[in-house]
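Chemist: Dropping a structure here in structure tokens format, bear with me for questions.
Values in this text are rule-based calculations from the coordinates and carry no lab data. The structure presented is a predicted model; accordingly, all values stated were derived computationally and were not measured. When we count neighbours, we look across all protein chains shown, and the Cβ atoms used for this are built from the backbone with ideal geometry, even at glycine.
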Amino acid sequence: MPIAPTDIEFRLSGGGSNTDPNASLGGAKSSTEIGTGLHNLFDIVGSAESAAGDTEYRCFYVHNAHATLDLENAVIYIQSNTPSADTSVEIAVGSSAVNGTEQTVANESTAPTGVTFSSAANLGAALALGTIPAGEHRAVWVKRIVSADAAAYNDDQVTLRVQGDTAA
């Protein structure tokens, strides 16, 4: 049976039992999947952050949960960026190898080293993840940028998409 979309999981980082998106700052892969919605990875922007502007980082893992098939030539891109005119998201492939443990940053305002962020706004601009074997993962960083004097926006969303090939 080929890899189904449900076989591709986005999991928090921050340790095997981490359930707190605010602690998803690199380190070991968590067993916790990220729910849908930008606020399942980032906190809600408060008035001080929206007034001053803010850039924050999170790390998650693309996990191939298929029992036997590799996700070959995998790529990730931003299928739809935030609808708010005052926020945007960029992504970067982690610095660790496939199935490795990603670097940990000191706090959510510290950028990871050795990664290059991109708007990766469509399949043509997708970032290569390589082949992710069955049961393994690849780290991805997300950078959320909030402009100074950002207006309030309820239910800000971003859609990330992973695509790849399989042998079957």
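Chemist: Residues with amide H under 5 Å of LEU160's amide H, sequence separation 5 or more or different chain, H placed in the peptide plane at 1.01 Å from N; which?
Modeler: GLN79
Chemist: Helix-only estimate, please: 222 nm mean residue ellipticity of the chain, summing -39500 (n - 2.57) across DSSP H runs of length 4 or more and dividing by its residues, to the nearest 500.
Modeler: Value at 222 nm, helices only: -1000 deg cm²/dmol.
Chemist: P(r) tail for the stretch 24-73, what percent of Cα pairs lie past 13 Å?
Modeler: Across the stretch 24-73, Cα pairs with separations above 13 Å total 70 percent.
Chemist: Now for a different question. At what distance in angstrom do the alpha carbon centres of the stretch 6-53 and the stretch 112-168 lie from each other?
Modeler: Comparing the Cα centres of the stretch 6-53 and the stretch 112-168, I get a distance of 13 Å.
Chemist: Could you give each residue of the stretch 2-17 its phi-based ³J(HN,Hα) in whole Hz, using Karplus coefficients 6.51, -1.76, 1.60 with θ = phi - 60°, and x for Gly or Pro?
Modeler: x, 5, 9, x, 6, 7, 9, 10, 9, 10, 4, 9, x, x, x, 9
Chemist: At 0.36 nm per residue, minus the direct Cα-Cα distance, what do ALA152 and ALA28 gain on full extension? Give it in nm, one decimal, please.
Modeler: My answer for the length gained is 41.3 nm.
Chemist: Amide H to amide H, which residues 5 or more places from SER95 or on other chains are under 5 Å from it, using H placed in the peptide plane?
Modeler: Distant-sequence amide H within range of SER95: GLN103.
Chemist: Where does each of HIS63, HIS39, HIS137 land when they are ranked from fewest to most other beta-carbon atoms within 10 angstrom?
Modeler: HIS39, HIS63, HIS137
Chemist: Points 7 angstrom from Cα along the Cβ direction at SER88 and ALA51: gap in nanometres?
Modeler: Result: 2.6 nm between the two label points.
Chemist: Quick one: 3J(HN,Hα) in Hz for the stretch 76-83, Karplus 6.51/-1.76/1.60 with θ = phi - 60°, rounded, Gly and Pro as x.
Modeler: The phi angles translate into 10, 8, 8, 5, 8, 7, 4, x Hz.
Chemist: Two decimals is fine: what's Rg over Rh for the stretch 98-168, C-alpha atoms, Kirkwood radius as Rh?
Modeler: 1.01
Chemist: Could you list log10 I(q)/I(0) for the chain at q = 0.16 Å⁻¹, which the Debye formula gives when each Cα is one point scatterer?
Modeler: Cα-only, vacuum Debye calculation for the chain: -0.89.
Chemist: Step through the residues of the stretch 25-37 one at a time and calculate ³J(HN,Hα) from phi using the Karplus curve (6.51 cos²θ - 1.76 cosθ + 1.60, θ = phi - 60°), rounding each to whole Hz and writing x for Gly and Pro.
Modeler: Once θ is set to phi - 60°, the couplings for the stretch 25-37 become 10, x, x, 5, 5, 8, 7, 8, 7, 7, x, 6, x Hz.
Chemist: Which of ILE34, ILE132 has the fewest other C-beta atoms within 10 Å, and how do the rest follow up to the most?
Modeler: Fewest-to-most Cβ neighbours within 10 Å comes out as ILE34, ILE132.
Chemist: Any idea how far apart ASN107 and ALA128 come out in nm if each label point goes 7 Å out from Cα toward Cβ?
Modeler: If labels sit at ASN107 and ALA128, their model points lie 3.7 nm apart.
Chemist: Given 0.36 nm per residue, what is the gain on full extension from SER80 to SER119 after removing their alpha carbon distance, in nm?
Modeler: 13.0 nm
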